[in-house]
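These notes are about the structure you will find just below.
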Amino acid sequence: MESVMVTKVEKDEITGQSTTGHEWDGIKELNTPLPKWWVYTFYACIAFAILWFVLYPAWPGVDGYTKGILGYSQREAVMERVAEGHAAQAEYRTGIAAADLAEIRADPALLNFALAGGVAAFGDNCATCHGGGGAGNVGYPTLADDSWLWGGALEDIHATINYGIRSGHDEERYSEMPRFGADELLEPAQIDDVAEYVLSLTGQETDKAAAERGQEVFMDNCAACHGESGGGDRTQGAPALNDQIWLYGGDKETVTDVIRNARRGVMPAWEGRLSPETVKMLTIYVHALGGGE
Amino acid sequence: MNGNGTVDLAGMAEQGGPGPNGPSLDRDVEVHDAVSTTAGGKQPLYAPRIKVYPKRVQGLFRRLKWIALSVLLGIYYIVPWLRWDRGPLSPDQAVLIDMPARRAYFLWIEIWPQEVYYITGLLILAALGLFFVTSLFGRVWCGFACPQTVWSDLYLLVERWIEGDRNKRMRLDKSGFTLDRIWRKSLKHLVWLAIAAATGGAWVLYFNDAPTVVPAIFTGEAGLKVYLFIGLFTAMTYVLAGWAREQVCTYMCPWPRFQSAMLDEDTMIVTYETWRGESRGRHKKGGSWEGRGDCVDCNSCVAACPTGIDIRDGNQLECIGCGLCIDACNEIMDKVDRPRELITYDTVTRQNARAAGDPMRLRLIRPRTIFYVVLLIVVGAAMLFSLSTRSTLDVNVLHDRNPVFVTLSDGRIRNGYTFKILNMLREERDLVLSIEGLDGATMSVVGVDGGGLEVLPFTVGPDQVITHKIYLAAPRASISDGAEDIVFVLEDLNAEEGGRFDNVFRGPER
């Protein structure tokens with residue numbers, strides 16, 4: 001293939017149009033000029049581009065880039081927007097910081113803001129374990145139901161979020177279920193009996209004789225925390241055993257395993273990690289998920 | 001044609017197109033050296049625009065165009081000022097699109113945002129109407145009713161008042177920077193801009209209360225949006241009607257591109273009676289008409305055409321069907337004492353019949369037009385039906401997704417729903433909500449004490465939308481296969497109006 005540049009303007013005989021002077025294998029290209037407005041738009045684009053190079057960051061260098069005389073930076077622009085956003089929220093943030101939880105709930109504007117802030121903070125920090133919307137997972141309580149381990153009132157939820165459960169915080173919520181099997185506090189047969197009894201509390205099918213034997217064991221070893229009727233104790237975080245909500249599972253195998261080895265679930269303390277206002281907003285949000293008391 | 005394939009006006013004249021002073025011609029007939037913008041076979045890819053200087057004509061179609069212009073502009077400017085009493089809480093403007101309040105008012109009809117499908121219906125009706133009229137009478141929309149045509153016509157009128165008719169305007173454009181040219185051009189653009197501003201000014205009246213926004217516009221107190229839209233419409237009107245004109249029709253508008261799909265041989269179109277006009281040629285006064293056509297080749301039709309085409313080349317994309325060439329030709333035919341309507345408004349079939357000396361009647365009722373009428377009636381009836389039976393109550397129910405369901409401590413299953421109730425009446429309404437299809441279901445409203453009800457009462461204020469989160473709980477035994485189809489039934493006990501809203505209740509898979 002050969003390309004020849006011809007400087008003289010040549011006319012094509014058939015169309016009467018001039019050629020561009022480009023020729024490939026004997027085929028010549030006709031010159032069909034662009035309309036004026038098109039050409040001028042093109043020039044305007046070039047002028048715009050040059051202006052842009054001068055005003056804005058444009059060319060990458062070895063260790064940096066040309067800054068442009070306006071000194072514009074996308075990062076700074078974003079930070080400004082964020083600061084603006086925070087400034088716009090200042091009224092609500094200070095309001096939430098100043099008010100107590102009940103006051104926030106009573107003030108529609110603060111409540112609205114707290115719920116919105118709570119959704120975001122919950123998604124970032126809590127949903128990994130507790131699921132979106134507090135749906136819960138095995139071992140991580142559902143926050144939208146009507147059953148609470150450590151209490152579902154605003155103050156209770158606030159304390160749980162702030163200090164955590166078995167978190168090592170000075171004011172942590174703490175309790176330990178004994179490991180009845182692993183530490184040989186009960187015989188395997190007794191554990192089996194008590195498991196039968198626990199299942200009988202929720203009306204599941206059980207071995208009646210075993211359950212009766214298990215009742216005695218329960219009263220001696222479990223009722224102190226879980227209550228004589230199995231209703232649980234929120235001051236110790238002892239779950240109710242007579243309702244339909246199971247943290248780890250309500251089948252015999254799981255129940256036996258829990259009695260034998262105990263579960264000591266941990267929730268981190270959020271005080272210090274999240275701002276006090278965020279913890280308040282989370283409290284309001286969790287309380288509103290459907291189980292708040 | 002010059003080397004680039006463009007039309008060279010001066011060259012054409014030199015090549016022997018006899019000027020208006022040709023010695024042997026009929027002196028009554030002014031011959032124009034107008035050349036159609038579509039003349040010639042080969043066009044370059046990007047043709048430079050040949051400015052069109054439409055000549056003034058008089059006649060039936062010009063009169064029709066003036067009437068259409070007055071009526072349409074009248075509607076445009078008067079409608080926002082019409083009042084309609086809707087009570088103390090609503091605006092009293094007969095036609096108003098209230099963007100901030102999300103309402104559109106059209107006389108007694110009030111459209112809420114979720115009802116914009118009525119606009120879809122209107123657009124469908126408009127499209128069908130357009131197809132129908134086009135199949136009967138060709139592009140009457142383009143020639144008489146399209147805003148581009150109406151405003152271009154108005155702009156041309158101004159241009160003619162200030163700069164004179166075609167020949168004067170052409171001379172003026174060729175003259176140098178004379179005082180005469182400068183003041184005429186300046187005045188014309190000033191008037192154009194004033195018309196453009198009035199166009200934009202009227203547009204915003206459809207979105208604001210006219211009597212309050214007009215003084216506000218002049219005192220600088222109207223909102224930024226108002227000025228922005230006035231500016232936008234001023235610019236658009238000025239550019240499109242003043243400068244772009246026929247280029248809007250030939251380059252920008254899609255309608256001419258598929259108009260041929262609407263036309264058939266029984267459609268009335270602006271057409272040249274080739275059989276009678278050809279062979280064309282200049283005619284000497286008193287000369288014989290034997291052995292020649294009636295067309296005296298005066299180019300009056302081309303000079304009058306607002307898109308600058310030659311109708312004698314046949315129906316074409318650029319023809320907007322305005323009929324001004326008919327008026328122009330009739331003037332000439334009267335002068336040379338030949339029958340009128342050499343350029344006529346007729347169908348292809350009838351033209352063929354007349355050419356064969358066998359006149360026939362107009363066929364307005366044809367399968368195509370019947371089809372369009374039926375479609376128009378069906379869509380129109382459907383719209384009227386839905387409009388007359390539309391509910392003044394609407395409910396949006398959204399099932400919570402996260403969590404889909406929650407097991408309660410007593411073993412019951414609870415689902416959450418977000419309820420939005422829209423009361424489109426201007427009075428307070430007492431409503432009750434109940435559930436069908438779920439045994440043992442109870443409801444409670446989040447944030448309202450006392451739940452566990454089988455029927456929930458609501459009060460919705462006039463013209464109000466309320467949003468509630470509702471919890472619905474049911475025994476686990478009521479749910480089979482993880483989901484149960486349920487119906488929310490909302491009733492207005494006073495008005496005997498209500499609605500049923502299908503939804504689903506989810507629980508654990510068995």
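Worth a mention:
- Across segment A:166-179, not a single residue is classified as in contact with a Ser or Thr (Cβ under 7 Å, 6 or more places away or on another chain) and within 14 Å of chain B (Cβ to nearest Cβ).
- Candidates are the residues of segment B:264-284 that are in contact with a Ser or Thr (Cβ under 9 Å, 6 or more places away or on another chain) and assigned to a loop (DSSP other than H, G, I, E, B); the one that is nearest to B:D33 (Cα to Cα) is B:R282.
- Condition check for A:A114: surrounded by 13 or more Cβ atoms within 10 Å (Cβ to Cβ), modelled with pLDDT under 95 and assigned to a helix (DSSP H, G or I): yes
- Spans of helices (runs of 4 or more DSSP H) in segment A:118-207 with at least 2 residues among the small types (G, A, S): A:188-201
So that you can scan it fast, the table gives a plain yes or no per residue for (1) part of a helix (DSSP H, G or I); (2) open to solvent by less than 50 Å² (accessible area, probe 1.4 Å); (3) more than 15 Å from B:P254 (Cβ to Cβ):
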site	(1), (2), (3)
B:T120	yes, no, yes
B:I124	yes, no, yes
B:A127	yes, yes, no
B:L130	yes, yes, no
B:L136	yes, yes, yes
B:Q148	yes, yes, no
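- Number of the exception - A:E228 against (1) modelled with pLDDT under 90; (2) open to solvent by 70 Å² or more (accessible area, probe 1.4 Å): (1)
- Of all residues in segment A:127-148, those that are within 7 Å of chain B (Cβ to nearest Cβ), open to solvent by 30 Å² or more (accessible area, probe 1.4 Å) and under 12 Å from B:S409 (Cα atoms) total 3.
- Only one of B:T212, B:T234, B:T199, B:T219 that is within 24 Å of B:L82 (Cα to Cα), modelled with pLDDT under 95 and open to solvent by less than 70 Å² (accessible area, probe 1.4 Å): B:T199
- Filter result for B:I370 (open to solvent by 80 Å² or more (accessible area, probe 1.4 Å), under 28 Å from the mean Cα position of the chain (by Cα) and not basic (K, R)): yes
- Candidate set: segment A:8-28, residues that are of a type in the set (S, T, N, Q) and outside any loop (DSSP other than H, G, I, E, B); chosen: the one nearest to the other protein chains (Cβ to nearest Cβ): A:S18
- Verdict on B:V133 being of a type in the set (V, I, T) and under 30 Å from B:T349 (Cβ atoms): yes
- Residue, nearest to the other protein chains (Cβ to nearest Cβ), within segment B:410-431, restricted to residues that are part of a loop (DSSP other than H, G, I, E, B) and either open to solvent by 30 Å² or more (accessible area, probe 1.4 Å) or under 22 Å from B:V455 (Cβ atoms) (or both): B:D410
- Scanning segment B:76-104 for residues that are out of contact with any Pro (no Cβ under 9 Å at 6 or more places or on another chain), open to solvent by 90 Å² or more (accessible area, probe 1.4 Å) and under 30 Å from B:Y155 (Cα atoms) returns a single hit, B:I78.
- Pairs, first more than 14 Å from chain A (Cβ to nearest Cβ) and over 24 Å from B:V489 (Cβ atoms) in segment B:381-404, second open to solvent by 60 Å² or more (accessible area, probe 1.4 Å) and of a type outside the set (K, R), C-beta under 6 Å, six or more apart: none
The values are calculated or read from the model by the stated rules, or taken from the named source; none is laboratory data. Worth saying up front: this structure is predicted, and the values here are computed from it rather than measured. Every residue, glycine as well, gets a Cβ built from its backbone with ideal geometry; the counts of neighbours run over all protein chains shown. SASA here: full protein model, heavy atoms, side chains in, ligands and nucleic acids out. Shrake-Rupley method; radii C 1.70, N 1.55, O 1.52, S 1.80 Å.
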